[in-house]
Amino acid sequence: KQWYQRRVAITAGMEGEQHATEVAPAQSEGFETYNDATAVPAETKPVQIEWKITKIEENAEELRKLFVGGLNRETTDEQFREHFSKYGEVIDSIIIRDENKLSRGFGFVTFGTIEATDTCIKDKKDESIHVMQGKKVDIKRAIPKELPPSQHDSRDKVFLGGIKDGITEEILGKYFEDVFGIKEKTVSLKRDPEGKLKGFGFLTLDADTDDMLKSDVVDKIIIVERHNLNGTQFHAKKAAPKNQSYNYRGRGGHGGGYRGRGGFGGYQQPYGQMGGRGGGNRYQPY
């Protein structure tokens, strides 16, 4: 087995195929090539990363749906949709209303691409942009209702489970930097007294990324939920307080609250739990 220099190729907007690209063994001055991996000094071994995120590649609806809170009660459906249309195609939008058709102050937007969704979220850093009818609104990715209540809180620490042998803090750190833009972070994997991995660890964001607030990056990580890295899969959840357990089930495919492309499935937000549009339970009234 030869050790190669490797680089990670990332497409704009994190859409389309993403993979690690092999480069021929280095022959230029200042590099050495080893035929035996065990002969490579530990401090000179390159970080080996191969990753693929199925949901990002499929442009999954979960990553394209936004929750919008703090709306002016006078904001119309047309004004609501117009505000978000400047970021790209809006597949669907809705302001949630009560039985008297009065706005409840929040709604949902689904974009046609993840790139448009990310751009909209990035603009949160400029507090003057997301203002509608004189009121600053709260924008974040809609968290699917099948995730437990702990996943709906704003946090900057992520629990990583299912970590296999061969995955290190360095590899995970590079993965989260390359894929999610997280530069300032702490990755800690738990080990037993003999140094063997216990299969879980934590990622703590020490600062916002260049583009997004820490809480928005964490939301994206946990909505992806299952991450493929170096031929293995690990899962990510918002880290629960010490008095809460991590023992809960993940999502099983695209069932549950999701009710088809363009529709709004059931999402649980601070404003309460809503049913879905496009099949099954519906908002009342719609």
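The values are calculated or read from the model by the stated rules, or taken from the named source; none is laboratory data. Bear in mind that the values here come from a model prediction, so they are computed numbers and not experimental data. Because the Cβ atoms are built from the backbone with ideal geometry, glycine has one as well, and the counts that use them run over all protein chains shown. Side chains included, ligands, DNA and RNA excluded: accessible areas come from the protein's heavy atoms. Shrake-Rupley method; radii C 1.70, N 1.55, O 1.52, S 1.80 Å.
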Inspect all residues belonging to region 151-164 and state whether any of them is farther than 21 Å from Phe234 by Cβ, part of a loop (DSSP other than H, G, I, E, B) and either touching a residue at least 40 places away in the same chain (Cβ under 8 Å) or among the acidic types (Asp, Glu) (or both). yes
For Glu99, are the conditions met, namely being assigned to a loop (DSSP other than H, G, I, E, B), out of contact with any His (no Cβ under 8 Å at 6 or more places or on another chain) and acidic (Asp, Glu)? yes
Restricting attention to region 246-264, does a residue exist that is among the polar types (S, T, N, Q) and either at pLDDT 95 or above or touching a helix residue (DSSP H, G or I) at 6+ places or on another chain (Cβ under 7 Å) (or both)? no
Taking region 115-131 and the residues there that are within 17 Å of Ile223 (Cβ to Cβ) and in contact with an Asp or Glu (Cβ under 6 Å, 6 or more places away or on another chain), the one that is surrounded by the most Cβ atoms within 10 Å (Cβ to Cβ) would be Ile121
Counting just the residues of region 132-169 that are under 14 Å from the mean Cα position of the chain (by Cα) and within 30 Å of Gly195 (Cα to Cα), which one comes out surrounded by the most Cβ atoms within 10 Å (Cβ to Cβ)? Leu160
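Collect the residues in region 202-218 that are open to solvent by 10 Å² or more (accessible area, probe 1.4 Å) and assigned to a helix (DSSP H, G or I), keeping them in residue-number order.
Step one: list which residues in region 202-218 are open to solvent by 10 Å² or more (accessible area, probe 1.4 Å), which gives 202, 204, 206-215.
Hits for region 202-218 are Lys214, Ser215.
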Name the pairs: first residue in region 121-139 and within 21 Å of Thr76 (Cβ to Cβ), second residue open to solvent by 80 Å² or more (accessible area, probe 1.4 Å) and acidic (Asp, Glu), Cβ to Cβ under 8 Å, at least 6 apart or on different chains? Gln133/Glu74; Lys136/Glu127
